[in-house]
1. How much length is gained if the chain between residue 72 and residue 2 is pulled fully straight, taking 0.36 nm per residue apart and subtracting their Cα-Cα distance, in nm to one decimal?
2. Can you run phi through the Karplus equation (6.51, -1.76, 1.60; θ = phi - 60°) for the stretch 51-57 and list ³J(HN,Hα) in whole Hz, with x for Gly and Pro?
3. Given the whole protein assembly as supplied and a 1.4 Å probe, what does the accessible area of residue 103 come to in Å², nearest 10?
4. Multiplying the sequence separation of residue 115 and residue 44 by 0.36 nm and subtracting their Cα-Cα distance, what value in nm do you get?
5. Accessible area of the chain with a 1.4 Å probe: how many percent of it is carbon plus sulfur?
6. Report relative contact order for the chain in percent, whole number only (criteria: Cα-Cα under 8 Å, sequence separation at least 6).
7. List the relative contact order of the stretch 82-123 as a percent without decimals, with contacts defined as Cα pairs under 8 Å and 6+ residues apart.
8. Toward the positive end of the charge dipole of the chain, about the Cα centre and with charges on Cβ (Lys, Arg +1; Asp, Glu -1), which of 102, 17, 50 goes farthest?
Amino acid sequence: QVQLVESGGGLVQAGGSLRLSCAASGVTLYAMGWFRQAPGKEREFVAATNWSGVRTYYADSVKGRFTISRDNAKNTVYLRMNSLKPEDTAVYYCAGAADRTYELGDANQYSYWGQGTQVTVSS
């Protein structure tokens with residue numbers, strides 16, 4: 001059974017930091033990424049990395065503030081979020097792609113999804 005389990009969300013003040021974790025089990029993933037969905041908005045791409053972690057991609061809105069990394073020994077991907085802004089408030093979803101893909105920002109490339117973790121940034 002494939003599972004992606006996120007953790008690390010919470011409430012933080014603007015300018016603060018959080019680190020999200022996503023542990024995968026039951027599958028070897030080529031790419032892992034993070035997406036988010038704010039109330040009333042569509043799900044959007046945040047960051048992604050390939051298997052080795054050498055290739056990373058970020059949405060323009062988070063470049064320079066967020067860092068994605070992965071530990072393959074633990075089958076876990078992390079999202080370090082610094083300088084958080086109220087507009088970062090959303091449910092953050094971890095996603096995994098088992099097949100090789102170069103379209104890491106495309107949600108349709110991901111077959112596996114976590115349940116989501118809430119991130120709330122207060123002003």
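The values are calculated or read from the model by the stated rules, or taken from the named source; none is laboratory data. These numbers were taken from a predicted model, which means no experiment stands behind them. FYI the Cβ positions are ideal-geometry reconstructions off the backbone, even for glycines, and counts take in every protein chain you see. Side chains included, ligands, DNA and RNA excluded: accessible areas come from the protein's heavy atoms. Shrake-Rupley method; radii C 1.70, N 1.55, O 1.52, S 1.80 Å.
1. On the way: separation 70, 0.36 × 70 = 25.20 nm, distance 1.59 nm.
Length gained, residue 72 through residue 2: 23.6 nm.
2. Karplus values, whole Hz, x for Gly and Pro: 4, 7, x, 6, 8, 10, 9.
3. The value for residue 103 is about 110 Å².
4. In short, 24.0 nm is gained.
5. On the way: 2860 of 6290 Å².
Here carbon and sulfur together make up 45 percent of the probe-accessible area.
6. Details: 314 pairs, mean separation 44.5, N = 123.
After rounding, I find 36 percent.
7. Reported as a whole number, the value is 57 percent.
8. Positive-end residue among those listed: 17.
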